[in-house]
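Each value in this text was obtained by applying a stated rule to the coordinates, not by laboratory testing. Predicted model only: the values in this text are computed from it and were never measured. Don't worry about glycine lacking a Cβ; one is built from the backbone with ideal geometry, like all the others, and counts go over all protein chains shown.
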Amino acid sequence: MATKHADILEISRQNALFHNGDRSTVITTKAADTAVRQLMGGSPHLVRSLVQMDAPDHPKYRALTQAWFMPANIKGLEDRIRGIARRAVDKMAATGGVCDFVREVALGYPLHVIMEILGVPEEDEPRMLTLTQELFGAADPELGRKSGQLEQRDMSKMLSEGVIADFYAYFARLSADRRANPKDDVASVIANSQIDGQPISELEAMSYYMIVATAGHDTTSSSTAGAIWGLAQNPGELAKVKADPSLIPGLVDESIRWITPVKTFMRTATEDTQFAGRQLAKGDWMMLCYASGNRDEEVFDDPAAFKVERKPNKHLAFGYGAHVCLGQHLAKMEMRILWEELLPRLDSVELAGEPKQSLATFVNGPKTLPIRFAMH
């Protein structure tokens, strides 16, 4: 288990020594792992996205869409995203001063942005939101597909036959449409992609859609909610960023660090090695604990505090190295635009009840965030 900032960085740098794909990339039980391998012909993964790949496949598949998510390209999306942000702010204002910020703003805003980029019609967005919550919130009795606490051994069966199957069915239809009628969207890129002169497999295409659709909004919604949570608890920080909008990028980074939506990823040692004073054997499974690394006292002064002026802010929430988050520039841009639209109108905000976080060891964040606010 790597809990120190420096150790997480070092493991993330050494992609040949610490693989993503050899074993499950998320913590699981032996029973669930066995069930997945039986279902997937020996593979430990229900999906095969960038997250589950190592070189030489990983850089080839990453390159398919990387240009789409680079700052030079997404800059052209700014006006469209700003329009979406203004509608989200107007929706918040229309609640009359009390709302659940997660439900009213944080879930819908980044979902709308990523679905527009992916090419999913607006009328299908509620379906995508439900599937994402069921996928990442599978262990949460309120968000998972079944009511009540799930046993781990049931999870792989539920995901393979339920949520993931539904994702596949949806994106198979979208993919067929984009092969017949390509558009200027990410779905068309994926549907018509080739690696080494051959079309990518259906499993890999469906997995690619899933990682863009899910990672593209769930983590951003958590960080967006985290920002309001932090500002509601720290009115002095709200006053600072309202008085000086140049602090908005700092607010964005601090909310991402403070919430750290991706809590853990697993890596597998590819050979016997020494690391951080411990002997590791080939095949050993290691957990990278990003939330811990982002509160490392050796790197962050007063790490539990929410500080919009924190500099430097070398958080690990987007990962590091070859697997650094493909959508990090988009996430930061859409959060920046939202705060540029909301903060000038927001006079005050405070908690109006107890926030609740989703129950998950992989990806989690606020699932309810009741606030009381004044806007003009």
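Structure summary
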{"quantity": "Nearest-0.05 FRET efficiency for residue 285 and residue 34, computed from C-beta distance (R0 25 Å)", "calculated": "0.95"}
{"quantity": "Share of alpha-carbon pairs per 10 Å distance bin for segment 157-269, given as whole %", "calculated": "12, 28, 24, 22, 13, 1"}
{"quantity": "Theoretical gain in end-to-end length, residue 87 to residue 67 [0.36 nm per residue, Cα-Cα removed]", "calculated": "4.4 nm"}
{"quantity": "Pair residue 309, residue 345: separation of 7 Å Cα→Cβ label points (nm)", "calculated": "2.9 nm"}
{"quantity": "Fully extended contour minus Cα-Cα distance, from residue 372 to residue 202, at 0.36 nm per residue", "calculated": "56.5 nm"}
{"quantity": "Packing-based exposure ordering (other Cβ within 10 Å, fewest first) of 278, 127", "calculated": "278, 127"}
{"quantity": "Packing rank of 231-238, 91-98, 331-338, where each peptide gets the mean count of other beta carbons within 10 Å, highest leading", "calculated": "331-338, 231-238, 91-98"}
{"quantity": "Most to least packed among 313-320, 50-57 [average Cβ atoms within 10 Å]", "calculated": "313-320, 50-57"}
{"quantity": "Residue 4/residue 184 FRET efficiency (R0 41 Å; Cβ-Cβ; nearest 0.05)", "calculated": "0.40"}
{"quantity": "Principal axes of segment 34-85: Cα extent on each, largest first, Å", "calculated": "48, 26, 10"}
{"quantity": "Where only alpha carbons of the chain are counted, the Rg and the Dmax (Å)", "calculated": "20.5, 61"}
{"quantity": "Stokes-Einstein translational diffusion, segment 332-376 - Kirkwood Rh over all Cα pairs, 1.306 mPa s, 10 °C, in µm²/s", "calculated": "127 µm²/s"}
{"quantity": "Shape metrics for segment 230-376, restricted to C-alpha atoms - Rg then Dmax, Å", "calculated": "18.0, 61"}
